[in-house]
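Below is a structure I'd like to ask you about.
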Amino acid sequence: MTFISNQHITNELAKQLHVDLVVTNYKETSQTFDCAYYNTARHPSLKDWDNIHHLILSM
């Protein structure tokens, strides 16, 4: 698991880090990822965490 803060992730960086799932808490409209992508609220809710959990388990 890699946490990147104060920086927008790019598809190139996700590929370089061999990312399976990108989770952001900001609206990302400039990138298309070659992996699964999930966007949470600014402060993720319990439902967001549950959805992320299920995404990880389904991989």
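Pick from the range 2-38 the residues that are touching a helix residue (DSSP H, G or I) at 6+ places or on another chain (Cβ under 7 Å) and not polar (S, T, N, Q): which of them is surrounded by the fewest Cβ atoms within 10 Å (Cβ to Cβ)?
Going through the qualifying residues, I end up with D34.
Now for a different question. For the range 20-43, give me the residue count where each residue is part of a loop (DSSP other than H, G, I, E, B), closer than 16 Å to I4 by Cβ and at pLDDT 90 or above.
The qualifying residues number 4.
The values are calculated or read from the model by the stated rules, or taken from the named source; none is laboratory data. The structure presented is a predicted model; accordingly, all values stated were derived computationally and were not measured. Here Cβ is always computed from backbone atoms with ideal geometry, including for glycine, and neighbour counts include all displayed protein chains.
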